[in-house]
Amino acid sequence: MTYVSTRADAPAIGLGAALVAGLAPDGGLYVPASLPSFDVTDFDDCDTLPAVAARLLRPFFAGDALYGELDAICAEALDIPSPLRAIAPDTWLLELFHGPTAAFKDFAARFLAACFARLRLRDAAAPARTVLVATSGDTGAAVAAAFHRRPGFRVVILYPDGRVSPRQAHQLGAFGDNVRALRVAGSFDDCQALAKRALADEALKARVPLTSANSISLGRLLPQMAYYALAALQRRRAGGAPPAFIVPTGNLGNAFAAILARACGLPIGAVVLATNANRTLPDFFAGADYAPRASIATLANAMDVGAPSNFERLRWLYPDDADLRRAVTAEAVDDATIRATLRAHAGRGLVACPHTATALHVLDRRRAAGDHGDAVVVATAHPAKFDTIIEPLLGHPVDTPPALAALLARPAEAEPLAATYEALVARLCALDRER
Ligand SMILES: *Cc1c(COP(=O)(O)O)cnc(C)c1O
């Protein structure tokens, strides 16, 4: 398989090169040059997430030096439960928060790290690479956990000071060793702009070898297809119709993986994007022109995105807007509704995170409108990451999963950084000289 740019103005390259490059040289996002087509019987002997992933990703790795290591990569990186829990006779929760940092981003971050580590083994003399990530909370921790203590890599996390949850901030600063957390005096958009500028700065990259692990990385998109495939196959094996998937959405990385898995033939029904009050996608799907805008802060902070970075991939898959609007729908949920949803579901024994609550509410709306088809609500993070939001609503503490508790028990440290490019460059160069 080769990979081409969504802007069609860059040469096709192999998988390994596309993983390391992040963005294509024409500014586009890498996408596969063609799509494989699967039948459910192709997965007959695949019962686990690593097995489904290895089968699904085989054509995507074909022809690349990593092909022979795909099974090992999947076994190492995707050994995380992704249970499909029944919450009503026709409704399931796809729990994607059982990894080390308690959000779905663990799956893809670990997969990317497993690929990078193997690519690096071919070139052990190369200088240490700095993985630079801007985060609104969950990506940074997942990437830090995935690269923590990996020889040949350093992680630098940029996060907006005071705008992530206290536990998210603690997690980011709790790794130490080869991971540095920089708390930036600015917004998430500032952090992202700083990281983007650095990753496009050839002079800087000649001094400090940089790579990225953000939401547009092909190495995050590909493995995320696997948990949708496994969930869809489990429903099929139980005799069910292809379920709808309702996905809490910000940058469209996670939801696009569901859409791509469906395009490859997996038995997935409707894909419904649930957003917070950032309405860029719902407005487009309601018929308006696509209009990216500044993000606004909400309770579901990991989805505070006004310019979803994977939208280009959606347009690549469905070049015609009318086709696209038939393939996918989107609905916005405001903060007051998130609060009400968290309370109502907790009253029925389901404690969710604020992001998952957007999808639960979109499902409630569909049910109220008479839709009784099978549906899977995607649970993107564990509620314990957002205790300061959830506990006052519920009036009691939420249980903390052991991996999260272990991180929270460690000391945490983050360095302040001014939101200027000069400050970032100076810090990256100084860190690179330390070793
Ligand atoms: C990152 C994140 C999202 C949004 O995912 P995208 O791939 O950006 O759409 C939703 N929920 C949680 C908990 C997240 O961390």
(request) Please list 42-49, 199-206, 74-81 highest first by mean number of surrounding beta-carbon atoms within 10 Å per residue. (result) 74-81, 42-49, 199-206
(request) Go ahead and run the numbers for FRET between Ala412 and Glu434, Cβ-Cβ distance against an R0 of 22 Å, rounding to 0.05. (result) 0.65
(request) Could you check which residue among Leu317, Leu132, Leu29 shows the biggest mean-square fluctuation in a GNM of the chain with a 10 Å Cα cutoff? (result) Leu317
(request) Grab the Cα-Cα distance for Asp39 and Asp71, subtract it from 0.36 nm times how many residues apart they are, and report the gain in nm with one decimal. (result) 9.5 nm
(message) So for the chain, averaging the separation of alpha carbon pairs under 8 Å that are six or more residues apart and normalising by length, what relative contact order in percent results?
(response) 18 percent
(request) Obtain the nm distance between the two label points defined at His148 and Ala263 by a simple spin-label model: each point lies 7 Å from its Cα along the Cα-to-C-beta direction. (result) 3.5 nm
(message) Output needed for the chain: three equivalent-ellipsoid semi-axes, defined as square roots of 5 times the C-alpha gyration tensor eigenvalues, in descending order, whole Å.
(response) 31, 26, 21
(request) Find which of Thr2, Val20, Gly152 sits farthest along the positive direction of the dipole of segment 1-152, computed with +1 on the beta-carbon of Lys and Arg, -1 on that of Asp and Glu, about the Cα centre. (result) Gly152
(message) Given a 1.4 angstrom probe, I'd like the percentage of the accessible area of segment 335-399 that is carbon and sulfur, rounded to a whole number.
(response) 52 percent
(request) Estimate the FRET efficiency between Asp364 and Arg237 by the formula 1/(1 + (r/R0)^6), using the beta-carbon distance for r and 30 Å for R0, to the nearest 0.05. (result) 0.60
(message) Quick check: from the Cα gyration tensor, does segment 34-151 come out rounded (a/c under 1.5), prolate or oblate?
(response) oblate
(message) Please report the antiparallel percentage of the DSSP beta bridges confined to the chain, to the nearest 5.
(response) 20 percent
(message) Please enumerate, by chain and number, the lysines with C-alpha under 23 Å from the C-alpha of Lys196, excluding those fewer than 8 residues away in the same chain.
(response) Lys105, Lys205
(message) So for segment 317-386, averaging the separation of alpha carbon pairs under 8 Å that are six or more residues apart and normalising by length, what relative contact order in percent results?
(response) 31 percent
(request) Please give the contour-minus-distance gain from Leu394 to Arg348: 0.36 nm per residue of separation, less the Cα-Cα distance, rounded to one decimal in nm. (result) 15.4 nm
(request) Report the full-extension gain for the segment Asp335 to Asp374: residue separation times 0.36 nm, less the Cα-Cα distance, to one decimal in nm. (result) 11.4 nm
(request) Provide the per residue accessible area, probe 1.4 Å, for the chain, rounded to a whole number of square angstrom. (result) 37 Å²
(request) Provide the percentage of antiparallel DSSP beta bridges, counting only those with both residues in segment 74-163; round to the nearest 5. (result) 40 percent
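The values are calculated or read from the model by the stated rules, or taken from the named source; none is laboratory data. The structure presented is a predicted model; accordingly, all values stated were derived computationally and were not measured. Cβ: placed from backbone, ideal geometry, glycine included. Neighbour counts: every protein chain shown. Heads up: the accessible areas ignore ligands, DNA and RNA and are worked out on the full protein's heavy atoms, side chains in. Shrake-Rupley method; radii C 1.70, N 1.55, O 1.52, S 1.80 Å.
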